[in-house]
1. Please give the charge dipole size of the range 71-140, origin at the Cα centre, charges +1 on K and R Cβ atoms and -1 on D and E Cβ atoms. Round to the nearest 20 debye.
2. Please work out how much length the chain gains when fully extended from ASN47 to THR198, using 0.36 nm per residue of separation minus the C-alpha to C-alpha distance, in nm with one decimal.
3. Please list, ordered by chain and number, the residues whose modelled amide H lies under 5 Å from the amide H of PHE73; skip anything fewer than 5 residues away on the same chain.
4. Multiply the residue gap between LEU35 and THR118 by 0.36 nm, knock off their C-alpha separation, and tell me the result in nm, one decimal place.
5. If you build the convex hull over the alpha carbons only and average its shadow over all orientations, what do you get for the range 26-74? Give it in nm² to one decimal.
6. Share of the range 81-128's accessible area from carbon and sulfur, percent, 1.4 Å?
7. Across 10 Å bins from the origin, how do the percents of Cα pairs in the range 36-103 run, short distances first?
Amino acid sequence: MQGFCSFISIVHIFIHLGYQISFPEAFTEPCNASLQTIKNVTKCPANRSSFETAARRKNCSSLAGEARNCKSFQYHCVLGIDLKSAIELCAPSINIIDHVCTTFSSYYKSIIRVHELTCSECPWSYNSTNAYQYQQCYTYIYMNRLLTSELTTSTLQSNRSASHCKEESEDLNGNTHGVVIFAVTALTCIMIVLVGSTVAVCRRRRFESRSAEGQSSISSGDGLLKKPQKVSSTIKDNLDNAKSVN
């Protein structure tokens, strides 16, 4: 008979687990007042003493008036729904089954199990207020925080490198711009000198050509002037001969 009762208890636990996994809303304790008590924290208490200190500071009993319709209103420190942070709040407690971590769902307004986040040090079943005792669940937060810090540092270094490269690029662009301006100016001056020299040479050659043509014309004119003098001399000799005959 005792064995049968144990068997029934085991079956009951498995049925309870199956429902908790498949129908999480069936194993929640909704409490609207819990939403007003959520606060992000850097870490959860690591022992009973720090837990009690945090619970006194939160003082959920002073807020119980707003939770009249809630089954209970107890201090919790659990994973945030993103599983990358920790939160403390006041909420009704529930039993967490199957070696998993605990979180709070704003959708269900209740503490719930994180079925995808197993915890080897978590017992088969535990009260959600004791979630802080299983620090393995919170190592994910510390790992994420370390990764985020490393990524932030890497991003800052990358930004600094990019900024330095940008400054060097701007300096290089400025120097290049100055070199281009100098080269264009020098090339323009060279072109002006070449054009001026070419024009001067052409003008000189044209002047020399005209001068040569003028001298040639003068020489031709002298020849024409000398021929009439020779004719006149011949006529004079003929006249002198005629006079001698007479």
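1. Dipole size: approximately 220 debye.
2. Result for the pair: 44.5 nm of gain on full extension.
3. Amide H neighbours of PHE73: none.
4. The span from LEU35 to THR118 would gain 27.3 nm if fully extended.
5. Quarter of the Cα hull surface area: 4.3 nm².
6. It is 52 percent, rounded to a whole number.
7. The calculated distribution, bin by bin, is 20, 50, 28, 1.
The values are calculated or read from the model by the stated rules, or taken from the named source; none is laboratory data. Note that this is a predicted model, so its numbers are computed, not measured. Note that each Cβ is placed from the backbone with ideal geometry, even for glycine, and that neighbours are counted across all protein chains shown. Surface accessibility is based on the protein's heavy atoms, side chains included, excluding ligands, DNA and RNA. Shrake-Rupley method; radii C 1.70, N 1.55, O 1.52, S 1.80 Å.
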